[in-house]
1. Could you list, in sequence order, all residues of region 185-202 that are in contact (Cβ under 8 Å) with a residue 40 or more places away in the chain and over 16 Å from the mean Cα position of the chain (by Cα)?
2. Search region 203-256 for residues being crowded, with 16+ Cβ neighbours inside 10 Å, more than 16 Å from the chain's Cα centre (by Cα) and within 14 Å of residue 63 (Cα to Cα), and hand back the single one that is modelled with the lowest pLDDT.
3. If you go through region 49-58 one residue at a time, do you hit one that is under 19 Å from residue 3 (Cα atoms) and touching a Ser or Thr at 6+ places or on another chain (Cβ under 6 Å)?
4. From the list 116, 134, which one is under 26 Å from residue 258 (Cα atoms), of a type in the set (Val, Ile, Thr) and touching a Lys or Arg at 6+ places or on another chain (Cβ under 8 Å)?
5. When the residues of region 47-60 are narrowed to those that are at pLDDT below 95 and crowded, with 23+ Cβ neighbours inside 10 Å, which ends up nearest to the chain's Cα centre (by Cα)?
6. Can you find even one residue in region 155-170 that is more than 30 Å from residue 35 (Cβ to Cβ) and modelled with pLDDT of 95 or more?
7. Here are 248, 207, 178: which of them is within 21 Å of residue 13 (Cβ to Cβ) and either of a type in the set (Asp, Glu) or out of contact with any His (no Cβ under 9 Å at 6 or more places or on another chain) (or both)?
8. Restricting region 169-184 to residues that are more than 20 Å from the chain's Cα centre (by Cα), over 14 Å from residue 85 (Cβ atoms) and charged (D, E, K, R), which is surrounded by the fewest Cβ atoms within 10 Å (Cβ to Cβ)?
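The values are calculated or read from the model by the stated rules, or taken from the named source; none is laboratory data. Small disclaimer: the values here were computed from a predicted structure and weren't measured. Quick reminder, even Gly has a Cβ in these numbers, built from the backbone with ideal geometry, and neighbours come from all protein chains shown.
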Amino acid sequence: MDVGRTYASGYEFYVSNLFFRREIPSISIENGIAIASGNNGAMTSAACANAKCTQFVGTAFGGGAYIEVEVAYDADKVEQSTGWPSVWALGAEGVFKMPGYQWSGQPAGFHHSIEVDMLEHHLASGDHAYGAAVHDWFGHYDKSCPKAHYCQVVKGGRVPLRPDERTTDFHKIGMLWVPASDARSGSIRFYYDGRQVGPSPTWERFVPKRTTPLTLAKSPFAFGVIDQSHLVLLVGAGKSTPIKVRSVNVWQKSSASNLVH
């Protein structure tokens with residue numbers, strides 16, 4: 001963990017600097033456990049390497065993976081106005097303005113990227129559950145769909161917890177990403193302590209010229225941009241309650257498609 005915020009290559013995790021918030025997030029290591037808090041404070045598998053965030057250091061995962069993060073937090077102390085505990089992934093192409101940021105065949109600056117929310121504990125106070133979702137983002141920033149910065153297709157849902165599943169105990173949050181091919185659909189499956197939960201989006205192999213943004217919501221290719229993406233893993237929380245991270249594991253058939261800087 002690059003706790004000292006050197007943003008040099010070679011670390012497995014960095015203190016988030018992806019969104020250039022004024023307040024620097026707090027990341028510490030105590031007895032082998034990472035603790036993230038403050039202004040959506042996050043530990044990330046990759047970070048900006050320059051002031052314009054057009055290059056990065058770290059690892060972005062490509063070609064499919066099973067990602068599992070073991071976390072704990074106090075759900076009773078979450079205040080939505082100051083952020084919430086989260087485990088999620090963003091396409092490096094969108095974050096670091098890489099070539100895949102541009103939707104091929106669309107006007108210049110037309111964005112297209114993926115977001116996978118493995119866990120977002122931002123539901124109503126007292127609701128013993130969390131949210132999991134996949135977002136397919138596209139459009140011109142604050143122009144195509146100004147109320148949400150970008151247009152989106154989203155598939156998500158509420159994941160209820162059993163009465164004995166206390167968030168203050170460590171639990172394993174998992175996500176299985178299987179890329180699409182000409183022979184099979186792609187898919188994402190979410191897991192909580194090894195059992196499948198939440199939404200299960202599928203898609204056909206995405207080729208940009210097969211579909212247009214206006215029909216993406218009804219298209220079988222929605223969410224397929226993930227297969228052309230490289231995922232940056234993030235774990236963080238707001239000011240009201242920190243999130244503790246005991247382990248992070250990523251399994252892949254091959255790491256050949258990863259981007260490592």
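1. Once the filter is applied, which keeps residues that are in contact (Cβ under 8 Å) with a residue 40 or more places away in the chain and over 16 Å from the mean Cα position of the chain (by Cα), region 185-202 yields 186, 197.
2. 206
3. Within region 49-58, one or more residues are under 19 Å from residue 3 (Cα atoms) and touching a Ser or Thr at 6+ places or on another chain (Cβ under 6 Å).
4. Working: 116 fails: touching a Lys or Arg at 6+ places or on another chain (Cβ under 8 Å).
Being under 26 Å from residue 258 (Cα atoms), of a type in the set (Val, Ile, Thr) and touching a Lys or Arg at 6+ places or on another chain (Cβ under 8 Å) holds for just one of 116, 134, which is 134.
5. In this case the residue turns out to be 47.
6. For region 155-170, residues more than 30 Å from residue 35 (Cβ to Cβ) and modelled with pLDDT of 95 or more: present.
7. Numbers: 207 fails: within 21 Å of residue 13 (Cβ to Cβ); 178 fails: within 21 Å of residue 13 (Cβ to Cβ).
Only one candidate passes the filter, namely 248.
8. Among those that are more than 20 Å from the chain's Cα centre (by Cα), over 14 Å from residue 85 (Cβ atoms) and charged (D, E, K, R), it is 182.
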